Amino acid sequence: MFDVSMRESAQARAGMEADLRNALERQEFRLVFHPIVELHTGRVHGFEALLRWHHPERGVIPPLEFVPLAEETGLILPIGTWVIAEACRYGRRWEDAFPAAGPLRISVNVSAKQLEREGLVDEVRAALEEAGLAPSRLILEITESMLMKNVDSSTALLQQLRALGVELHMDDFGTGYSSLGQLPHLPIQGIKIHHMFIHRMGGRRTDLEIVRSVVELARTLGLGVIAEGVDTVAQRERLIGLGCEFGQGSLFSEPLEPAAASGFLAVPPGQDALSSQPA
């Protein structure tokens, strides 16, 4: 029975890998966009571009089911190149369509394989030029654990990307190996606080103090702070009280298809994007 189970698992993996190799050519990948808002005003500050695979037989396959395989096989490299280029195209499209929305920023997650690959800087530059998007409108999100895995090489690459003009944010802050004392030495412009701290800060004093410390240090260093997992009004109000400027979570919206994301940008200046959405 164990051998049968292993064989079936191997066959399923091989089948998914074969499908994954063809998915890009068949245009089965799509981006959805998770709004990042100004906590105080509710205005849209930007979107995080998230990858979805629309499999012709299995339907929408969540990233957790295929991204690890893409990483292992190296397929994440062409997929990642497409994601950056597609996100830049949407960024420019929205910039032209909604000038009143202000300087919209598009965030893209960068994988470990992409960070290790020579040519990432050239790929980002080409995507920006092809879309006609200003480098300052693009944010590359890199997880804390990836950044700290090899600080010296990571820092050298980040400095090259920073010289290009893009913004660099540390994602999932609080889940890796860095300390607050290391932040001044990294060429980053922003931090995303992991959602577990946001969820627990209402019931655990230590988590509240961690969030407070991160926000205060970031302000001192001139770094932006985004709180992930803002799901309740109480969390939003508490973060505003701590001085956190931006947030992302189900209180505002789940990840949106491009047309629905456009609806957020159509909110008149001064109106809270949260209050404009249907109940």
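At a glance:
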read-out	value
Among 68, 187, 135: highest mean-square fluctuation, GNM of the chain, C-alpha pairs under 10 Å	68
Projected area, mean over directions - region 190-244, Cα convex hull, nm²	3.1 nm²
Against the rule of thumb 2.2 N^0.38 Å, how large the Cα Rg of region 1-141 comes out	1.22
Cα-Cα separations in region 118-173 greater than 13 Å, expressed as whole percent	60 percent
Hull volume in cubic angstrom per residue (convex hull over the Cα atoms of the chain)	163 Å³
Ascending count of other beta-carbon atoms within 10 Å, so fewest first, for 151, 108	151, 108
Ranking of 228, 28, 130 by count of other Cβ atoms within 10 Å, fewest first	130, 28, 228
Rounded to 5, the percent of DSSP beta bridges in the chain classed as antiparallel	40 percent
All Cα pairs of region 114-234, percent lying beyond 20 Å	46 percent
Packing rank of 35-43, 69-77, where each peptide gets the mean count of other beta carbons within 10 Å, highest leading	35-43, 69-77
Fraction of beta bridges assigned by DSSP in region 44-170 that are antiparallel (%, nearest 5)	20 percent
Cα centroid of region 140-196 to Cα centroid of region 103-123, whole Å	12 Å
Sorted by Cβ density within 10 Å, fewest first, the residues 89, 205	205, 89
Cα-Cα P(r), region 27-93, percent of pairs per 10 Å interval	18, 44, 27, 10, 1
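Read the figures in this text as sums done on the coordinates, not as results from a lab. Since the structure is predicted, the reported quantities are computational estimates derived from the model, not experimental observations. Ideal geometry is used to build each Cβ from the backbone, glycine not excepted, and the neighbour counts take in all protein chains shown.
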